[in-house]
Every structure is written in C-alpha cells, then in structure tokens.
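These notes are about the structure you will find just below.
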Amino acid sequence: MALKDTEIRALQPKLTPFKVADGKGLYIEVFPNGSKLWRLKFRSNGKEKRLALGKYPDVTLAKARAKCNEARAKIADGVDPAAEKQRLKIQAVLDSGNTFAGVAEDYIETKLVRERKAQGTLVKARWFLELLTPAIGFRPIAEIEPAEILAPLKKIERKGNFETAKRCRAFASRVFRFGVATARCKADPTALLQGALIAPKVTHHAAITDPAKVGELLRAIDSYTGSPITKYAMQIAPHVFVRPGELRHAEWLEIDVDDAIWHIPAGKMKARRPHDVPLTAQVLASLADIRELTGSGRYIFPSLQTPLRPMSENTINAAFRRMGYAQDELTGHGLRTTASTLLNEAGKWDDDVIETALAHKDTNQIRGTYNRAKYWDKRVEMASWWSDYLDVLRKGAEILDFPANGSTAP
C-alpha cells in the first residue's frame, strides 16, 4: 500500500533499523538515530541490489517516487543505476584532478620536481599558480576560455607588474600544453592572448660600475649593523658574483676548502649545468668566520626565521635599501654587472674567461664543457686579482685608470 507523507512523518525510530514499503521496490528505512533514508530495491543480471535515493525530508515523497521511476526506466533499458551512480562518483573524483590547479600541480611535480629543476624555478611556478588560482584554479581545464585567463593577468598589469603578467601567461601556457599532452584538454587558450598584454620594458639589473662608488658600497657593507649572516652574504657576493639564488642556496657540503672551490650542482644553476667557483683567500676567510654561526646547519646563509630554509630572496636587496641604496641604483643581481663591467674594462682577461666565470650559457654544450676546463687556471688567477682589486677599492686607495694594454694591476 502506498505511503502518505503524514505516515512518514509519524514513523518513530526503534532499537534496530526497519523498512516501510511504498511500492515498485521503493521503501523508506528508519534508523535508531531518527534518520529516514529512501532506497530502491531492484534486480540487475539476476542479482538483487539497492540504490540510495536520498534522505527524507530533503527528498520528499514525490521526489523519491520520481527518482524511483527514473531508475526503473534505466533498468528497463538494461542500465544498472547503482553501477552508473558509482561510475559518476569516480568520474567526479577524476574530474576534480582535471581542474587547472590540479593539472598545474601535476605539471610542477612531473616536469619540474622530477626533472630536478632549480628551487627558484619551483618557487616561481607555485607563485604563478597562486596568482591564477582564484580566477581559474578550480575550473575544469578543458572548459577555460581565453577571457577567463586574461582577467587575472590584467589585474596583475593594473598594478604595474607587466613582466609578472607576461611570465604568468607563459606559465599558464606550459600548463595547458601539458594538459594537451596528457589528454586533459584539447588546446592552449593562452595562445590567443598574444598581443593582449602590455609588453614590459626591457630593464637591466641596477648596478654600480664606478670604481670609487664600488669602494663606498664595500665600506657601507662593512658598517652594516643588521643580521651578521646578511652582512657576510653581502661581503662575499661581490667576490664570487654568482646569481643571488645561487648564493643564498649555497650549502656547506658544496665548499671544498682544501682545493678552494665551491661546487654548485646543476640543479641550482640557470643553465642546468654544474658550475665551479674559485674561492679566493678573502672569501675563504669570510667563510671561516660565518662557519662559527651557521656551520652546524645545511645552508651557509640560512633564513633568519629557520635554519631549515635558505635566506629569503629579498634579504640582500632589503639590506641595500636600509643602507640607502635605491632599487634603481643597486640590486643583488647587479653585483654581477659590476664584476663583468670592471673586469672587461681592466683589459687583462679574455671575454670567454669572464663569460665562463659568470656561468653564461654556451649554446654549444661540448664547447661549453671544454671551455670550463680550459679556462679554469685563468679563472683562478682572475678571481684572485678581482678580490685584491676589491680590497683596494674598499680601502679607498687612489684609483688608477686601466691602461689600454692592461699592464698595471692594483
């Protein structure tokens, strides 16, 4: 006999679950805690099965009967509604991984982490994902339209961050192309955004290239009253002129004191090739001093918050600001420009020796490997000369112009 709504409301729980039939296999099951759940009993391939249709009163009697009729129609067509429901549930789980954020995480793990890309590359990739997530992170990647991507990029642009917007679009493009390769979307919609963003002006890292002002900078660093770890990093940086990320990720295990070499592994280098840095007497002395502070840990220049992480990428630049150097006057990366400019002006060193010391990528990998070995002795000689020259500048001695033939050294 068909149920009435008043009868369902009047059903009271018992010590054990019990069922009350409505008809056509539909029944309501009442549990000891008072819950009332709709079920449909049916047979598929000779087996008796159950299909959950929802909780009363969220699913009313009328809705339960409608769901029952819909399920029975599928059964008549040879479709198992319980199996179909399970399949849709599994598909929903799979689809949740096909969001832009899900595919981006997979891309980062597959293409960046497993291929041992530099830590800086991973940090930037996750930062770009963080910028894009509010707008498209939880959208199915196959359904995202170009206009949806343009919106967050324009938001970045409005803050004047044109280069960030450009790189963010490039990151999104890599994620979509990875999605195409893994059959989770069919195209890269960012390709249609070419020309839609403001092209950033090409800028160079601010640097000091006047010898007298370099001397002023070195004396200012010596007078720095902030963190001693930051001070040591600033003192060593001009001598080794590596990229800021390579400096702050430096580890004690990479330092060979006996042979005076800093072995930087490929994973930390922009060119993805290992790089050796000759350590001068001045650098070794500074490392001996800082070892008393950080030698028991992994990083030579650990974070000010925890020794488990390297120094923040903004630490050195922030110190320069505290010292009175503006952003358009000096950056940590600009110290490489300082070294490159003055070493070239000295006229003592072959261009290839300077380029190899700066770890600029050689498009010919075999020649690049050969040059690194070929120029090592010259690089050691140049590093020693450069450190001595920095000492001259730091002491404020009279600066002599470099002669055309490069015959005079300080």
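For region 5-93, take every pair of Cα atoms, bin their distances at 10 Å starting from 0, and report each bin as a whole percent.
P(r) for region 5-93, in whole percents per bin: 16, 46, 30, 8.
May I ask you to compute the full-extension gain from Q86 to D289, defined as 0.36 nm times their residue separation minus their alpha-carbon distance, rounded to one decimal in nm?
My answer for the length gained is 66.6 nm.
Arrange the peptides 32-38, 276-282 so that the one whose residues have, on average, the most other Cβ atoms within 10 Å appears first.
Packing order, densest peptide first, comes out as 276-282, 32-38.
Taking 0.36 nm per intervening residue step and subtracting the Cα-Cα distance, what contour gain separates E254 from M323 on full extension?
In short, 21.8 nm is gained.
Extending each Cα 7 Å along its Cβ direction at A183 and E109, get the distance between those two points in nm, one decimal.
So the label points at A183 and E109 sit 1.9 nm apart.
List the residues whose amide H sits under 5 Å from the amide H of M323, counting only those 5 or more places along or on another chain, with H placed 1.01 Å from N in the peptide plane.
So M323 has HN proximity to no qualifying residue.
Along the Cα→Cβ direction, 7 angstrom out, place labels at N33 and R298. What is the inter-label distance in nm?
4.4
As a check on your grasp of the helix formula, calculate [θ] at 222 nm for the chain: sum -39500 (n - 2.57) over DSSP H runs of n ≥ 4, divide by the residue count, round to the nearest 500.
Result for the chain, helices only: -15000 deg cm²/dmol.
Compute the Rg/Rh shape ratio of the chain: radius of gyration over Kirkwood radius, all on alpha-carbon atoms.
Reported Rg/Rh (Cα atoms, Kirkwood Rh): 1.23.
Relative contact order for region 211-395 using alpha-carbon pairs under 8 Å, separation at least 6, rounded to a whole percent?
Rounded, it is 29 percent for region 211-395.
Among A196, A260, A104, which one moves the most in a GNM of the chain with springs linking Cα atoms closer than 10 Å?
A196
Given a cut-off of 29 Å, name the pairs among K4/K41; K166/K231; K124/K154; K85/K111; K124/K378 whose C-alpha atoms lie farther apart than that in the structure shown.
K166/K231; K85/K111; K124/K378
Using a 7 Å offset from the Cα along the Cα-to-Cβ direction at both K155 and T341, what is the distance between the two label points in nm, to one decimal?
Distance between the two pseudo-spin positions: 3.9 nm.
May I ask you to derive the relative contact order of region 33-86, considering only C-alpha pairs under 8 Å and at least 6 residues apart, and to give it as an integer percent?
29
Normalised by the residues of region 100-193, what does the relative contact order come to in percent, with Cα pairs under 8 Å and at least six apart?
Result for region 100-193 is 30 percent.
If I model region 211-395 as equal point scatterers sitting on the Cα atoms and use the Debye formula, what is log10 I(q)/I(0) at q = 0.09, 0.17 Å⁻¹?
Evaluating at q = 0.09, 0.17 Å⁻¹ gives log10 I(q)/I(0) of -0.30, -1.17.
Can you quote the Å³ per residue value for the convex hull of the Cα atoms in region 160-312, rounded to an integer?
Taking only Cα atoms, region 160-312 has a hull volume of 180 Å³ per residue.
Suppose the chain between D77 and A52 were pulled fully straight at 0.36 nm per residue; how much longer would it get relative to their current alpha carbon spacing?
Additional length available on full extension: 7.0 nm.
Using packing as a proxy for protection, rank 220-226, 266-272, 298-304, 73-79 so that the peptide with the highest average count of other Cβ atoms within 10 Å comes first.
The most tightly packed comes first, giving 298-304, 266-272, 220-226, 73-79.
How do 380-392, 157-169 rank on mean C-beta neighbours within 10 Å, highest first?
Packing proxy ranking, top to bottom: 380-392, 157-169.
Mind listing the long-range amide H neighbours of D22? Cut-off is under 5 Å, sequence gap 5 or more, other chains count too, H placed in the peptide plane at 1.01 Å from N.
Placed amide hydrogens put Y27, I28 under 5 Å from D22.
What FRET efficiency would be calculated for the residue pair F162, L122, taking the C-beta separation as r and a Förster radius of 35 Å, to the nearest 0.05?
Given R0 = 35 Å and the Cβ-Cβ separation, E is 0.90.
Return the inverse of the average 1/r over all pairs of distinct C-alpha atoms in region 265-349, which is the Kirkwood hydrodynamic radius, in Å to one decimal.
Averaging 1/r across every pair of different Cα atoms and inverting gives 15.6 Å.
Based on the inverse mean of 1/r over its pairs of different Cα atoms, what is the Kirkwood hydrodynamic radius of region 100-193, in Å?
Over region 100-193, the inverse of the mean reciprocal pair distance is 13.2 Å.
Taken together, the values in this text are just the output of simple stated rules run on the coordinates, not laboratory data. Computed from a predicted model, the values in this text were never measured in an experiment. Please note: Cβ atoms are built from the backbone with ideal geometry, for glycine as well, and neighbour counts cover all protein chains shown.
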